[in-house]
Every structure is written in C-alpha cells, then in structure tokens.
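Structure, as structure tokens:
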Amino acid sequence: MTTYPGAGPVIHDPMTLPADDSVNAYTFCVELKGSEWFLQKGKMIAYYGSMEFNGIGHGRLDRLVRTSFHSPLHASDWVVASGSGKMLLADRAFDVNSYDLEEGNLTIRSGNLLAFQPTLALKQSIVPGFLTLIGTGKFVAASNGPVVFMEPPIRVDPQALVGWADCPSPCHHYDHGYMTGLMGGLRALTGLGGASGEEHQFEFVGAGTVLLQSSETLMAEQATGAVPHEPGVPGGGGVPGRPGQQAGSPRLPGQLGDLQRRFGL
Amino acid sequence: MFRLQGSKVLAVDMTGDAVKAKNGSMVAYDGQMAFKKLSGGGEGIRGMVTRRVTGEQMTLMEVKGQGTCWFADRASEINLVNLQGDKLFVESSNLLATDSGLRTGTSFTGLRGASQGNGLFTTTIEGHGQAAIMSDGPAVVLRVSSQYPLTVDPGAYIAHQGNLRQSFQSGVTFRTFMGEGGGEAFQIRFEGDGVVYVQPSERNSIAGDV
C-alpha cells in the first residue's frame, strides 16, 4: 500500500517500479529484458518500453509453446508478452501475488492464474478447471482477498480453494450423516430443515500446502472446454458400456464438434 | 481542504467555501452544510448543452458551509489530485469531487473513448485546487516523460494530467479474426510530460474481447 495514506500519491516511473514484484496489493510489475512471459489475455493494464503480445498460435513462438505450454484448451486465453520494458498486470482489483516455484509443482484454478515465466511448464490438471505448473520459476495469481496457506490434512470449501502444491490431488468429502437417509435427501433437495451449505468439501491428505482465498466468491470461470474423449480420462465419456459417442458412427476428423450428436443425427 | 479517511472516504474541511461533488455522494457531515444541485455541472447553458449532446453527462451538486463533509461512492478507491494550473482529463463516471474554483468542461477524445466504451468525450478539469477521482482498486500513478512513453490498456485508464499527446494503437491483424489475437488489440500510447492514472481492473469494453 504505497499510495495510502498520503500527502500525495506515489508517482511511479520505470526507474522506481519494482522488477518482477508487487507495486501494491492489486498490481504486479513484470520486467522484460528481451525475455518472455506467458500472460492471460487482457490482464496487462499498462507498460513502458516496447512490447509485443502474440497469441499462442503465433508461428515464431512455436518452440516456446512446445516446451512450456501444454494446454490446448486454454490456448485461446493466453498470450506471450515479449520485448523489453516494464509491464503492469492486474485483474478486476483482486489481490495479486507472485509465487516462486523451485523444482516444484503447483495446481491452481485456471481463472486465478494471471501470468508465468516460460521456465515453468503449464499443464492441464486432471481435476477439471485447474492448471498445473511444473518446474522452476515465478508465476502471478489473483485471489479474491488475501491468500491463506494451510497444511494437509484439511478439508476445504470448494469455492475458497485457489490451489495446492506438492500434495496429491484432493478428493470429494460429503458429510455422510447429513446427506443420507430420507431426511437427509429431503434436506439436500429442498434446503428445508436447514442445509448448512457446507455438506460438501474437498479433502486433502499427504504432505504439501493448500492455498485458500478468504472469500467464497469465485473468479469468473474460464472456459475450460471439454476433456478429450478418451478411455480413462475422467469426464471424457470414453467409458466402456457408456460410449462417448454413438456406436456405429465413429467420430470423423473435421466433424463439426458434437452438434450432430446433440441433434441426434 | 481534501483529505482521505481510509482509502474509500473523502473528508472535506470547509470554512464557508464550496466544493462540487457527484450528486448523492455525501455520506455524512457535521457543522452547517447546504447542498444545491448544479444543473449541467455549473458550466452554464453552453456546457449543459455540450454535455447533453456529447453524452458525457454528470450530475454534480454544490456543497457549501462550515464544518466537515464526507463523500464516498460505492466503496470505490479515491485518489486525490493536485492541480496547479494544469489540466486533468478524467472520465465523468470517475470524478467524485473538485474544488469549486476548478473549471470543468468536456473535450473530444476520439478513438480512445470509443475503445474503452465510455463515449467519444471526456471531462476536463482546469485551474488551481484539488480534485478527487475514483478507481476500482487503488490507482497506480505512472509518470510519462520524453524518454519514457507509456502504453495503457483503454479499460484500465481512468485519468491523465499534464501536457500529454495520446495516440491510439491498434494491434488488430488477421490473427485477431482467427481468434489468435494478442488480447491487447487496442492500446493508448501517451507521449510528452505528465502523469497517467490506471486502475488495477478493466472495465468491460470492446477492447477486452479481442
């Protein structure tokens, strides 16, 4: 909070702006010296110097994308910033923090990740809607309210979960006593008799860190697309006996999405 | 005398003088205060017509009296700006209060205004005194000088001050239409001498979608 309370606002210029550090709780400054950063579309608010923003599909970035970007579903949401200068990142006046990973892995809600260094590799988590960063480097994430770090074993509210590092992926936990039986079913269905709204949690076990935001307002969900139709992929629909597509009509390459199937063609 | 109480409430100490403030933004006062609606922002008939025509409308009130008056608007962050004869350009929706001695007017912004979804005109404030502008999240104040030009996202821009030239940059290429745009298709470049206020949030604008 450099701006308040003030005799006057702090005026920043490229010399006083920090390099790869927070300007205040809501704004992060990235320094580019001929280097590159991956960046979610539209999160740049201002920059000094000369920079270029290119979509992931840009030909010259092919090599970079091959080594550090492994999530085709999110490709349209991300750009690569290159050039030299200082760039300010922010997201809807949410809290912004940077984190350093060292030979580590961290999984984060896809809407919360703002930017990362290409020394990290981005992959889709097996948990839908989450992304995993692997390697060494810095990344920037937004949260609604400051982030709290917790250690497993812990059960967390799904809406407060920002991400987790090093520990195994979470599992669902339902309050058994509350959810079962006739009364439980009625309560769950109607909310009558007082559903506390906390019957369902994510449960973490093992060694690691869990990141929570101090609010249950979610970041706008980024479209995560559909997981590939493959056997063994959760939600992929490729389960034997419940085929993801109609029997007898194998999916042809170039088929128009799943429109035909939806219309029963 | 403007001062901030916390970052979201503006306190103005008055001794018989007056301030102009956004209509309905008073949250409390002590002492004796009179509130008067200023039709057309106190810019006279010509200013009124200009504002009506340009769509850069703002409803201001004049507060006059003895004591302290507190202003706030939807828990927005408030930033104080000192003007010493220079000109402040600010979106009318981001203006909370000014000294009554400051002159307000409208000016043409061209494509920048269009790209941020705020219309083609902006409000100017001129003279000697203080103004309070609002932002979504605390504003970052960035200096622009001849060796450091600045490029700003139209959705995050709230105000600028000083002797600045602005130009509109468009990065729209054929890739934009293929859904592979850089996400920052529209930018405003500031050159010259002055400061620019940006907020850590982007309003919804057509520039955010390409």
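The values are calculated or read from the model by the stated rules, or taken from the named source; none is laboratory data. Quick caveat, the model's predicted, so the values are computed rather than measured. Here the Cβ positions follow ideal geometry from the backbone for every residue, glycine too, while neighbour counts run over all protein chains shown.
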Q: Name every residue in region A:63-103 that is under 21 Å from A:TRP164 (Cα atoms) and part of a strand (DSSP E or B), in order of residue number.
A: A:PHE69, A:HIS70, A:ASP95, A:VAL96, A:ASN97, A:SER98, A:TYR99, A:ASP100, A:LEU101, A:GLU102, A:GLU103
Q. Consider A:ASP91 against the criteria (1) within 19 Å of A:VAL30 (Cα to Cα); (2) among the charged types (D, E, K, R); (3) away from every other protein chain (no Cβ under 14 Å): it satisfies all of them except one. Which criterion is unmet?
A. (3)
Q. Out of region A:21-49, which residues are over 13 Å from A:ALA142 (Cβ atoms) and among the charged types (D, E, K, R)?
A. A:ASP21, A:GLU31, A:LYS33, A:GLU36, A:LYS41
Q: Mind listing just one residue for me: the one in region B:1-22 that is in contact with an Asp or Glu (Cβ under 8 Å, 6 or more places away or on another chain) and outside any strand (DSSP E or B) and, of those, modelled with the highest pLDDT?
A: B:LYS8
(Q) Restricting to region A:12-47, and then to whatever is assigned to a loop (DSSP other than H, G, I, E, B) and in contact (Cβ under 8 Å) with a residue 60 or more places away in the chain, can you tell me which residue is surrounded by the fewest Cβ atoms within 10 Å (Cβ to Cβ)? (A) A:ALA19
Q: Those residues that are in contact with a Leu (Cβ under 6 Å, 6 or more places away or on another chain) and closer than 20 Å to B:LEU95 by Cβ, I need them from region B:134-157; list them, please.
A: B:MET134, B:LEU142
Q.
Looking only at residues that are small (Gly, Ala, Ser) and at the interface with chain B (Cβ under 8 Å from one of its Cβ atoms) in region A:37-53, which one is nearest to A:HIS12 (Cα to Cα)?
A. A:ALA46
Q.
What's the number of the only condition in (1) at pLDDT below 90; (2) touching an Asp or Glu at 6+ places or on another chain (Cβ under 7 Å) that A:ALA46 fails to meet?
A. (1)
Q. Taking region A:63-96 as the region of interest, how many residues are under 20 Å from A:LEU17 (Cβ atoms) and out of contact with any strand residue (DSSP E or B) (no Cβ under 6 Å at 6 or more places or on another chain)?
A. 1
Q: Please go through region B:66-103 and pick out each residue that is part of a loop (DSSP other than H, G, I, E, B) and under 14 Å from B:GLY24 (Cβ atoms).
A: B:ALA72, B:ASP73, B:ARG74, B:SER76
Q) Got a number for residues in region B:65-90 being more than 11 Å from chain A (Cβ to nearest Cβ) and among the hydrophobic types (A, V, I, L, M, F, W, C)? A) 8
**Q.** Members of region A:126-159 found to be surrounded by fewer than 20 Cβ atoms within 10 Å (Cβ to Cβ) and assigned to a loop (DSSP other than H, G, I, E, B), listed by number
**A.** A:ILE126, A:VAL127, A:PRO128, A:GLY129, A:GLY145, A:PRO146, A:GLU151, A:PRO152, A:PRO153, A:ASP157, A:PRO158, A:GLN159
Q) Out of region A:54-80, which residues are within 11 Å of chain B (Cβ to nearest Cβ) and within 16 Å of A:VAL140 (Cβ to Cβ)? A) A:ASP77, A:TRP78, A:VAL79, A:VAL80
**Q.** Criterion violated by A:LEU64 - all others in (1) under 30 Å from B:VAL9 (Cβ atoms); (2) out of contact with any Lys or Arg (no Cβ under 9 Å at 6 or more places or on another chain); (3) surrounded by fewer than 20 Cβ atoms within 10 Å (Cβ to Cβ); (4) not small (Gly, Ala, Ser) satisfied
**A.** (1)
